[in-house]
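One structure is given below, encoded as structure tokens.
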């Protein structure tokens with residue numbers, strides 16, 4: 001069974017995307033958990049970069065920002081991750 005049939009928005013996965021390598025995906029997930037964030041550098045949409053963090057708690061939520069790849073600056077990555085992490089922790093602490 002394919003790992004990806006449709007996106008969460010209900011649109012089909014990109015035809016040009018290669019079939020996912022499950023072992024590589026699991027390695028990536030372990031690394032993302034260790035470092036506390038993930039970067040999508042044009043993997044799902046050419047010209048866009050996304051940075052995401054998990055929202056602590058049982059809900060499986062995440063928080064992310066996206067920007068044109070041309071405006072992505074690695075020297076600001078720590079700043080963006082800190083802002084996302086802070087917001088995610090505030091969200092997790094809200095009742096309800």
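Spacing of the modelled spin labels on residue 61 and residue 44, each 7 Å from Cα toward Cβ, amounts to 1.8 nm.
Sorting 41-50, 25-34, 82-91 by their mean Cβ neighbour count within 10 Å, with the most densely packed peptide first, gives 82-91, 41-50, 25-34. Be a star and scan the stretch 20-63 for residues whose amide nitrogen sits under 15 Å from the point 7 Å along the Cα-to-Cβ vector of residue 74. It comes to 39-42, nothing else.
No lab work stands behind these numbers, since they all come straight from the coordinates. The shown structure was predicted, so the numbers you read here are calculated from the model rather than taken from an experiment. Cβ coordinates were reconstructed from backbone atoms using ideal geometry, including for glycine residues, and neighbour counts include every protein chain displayed.
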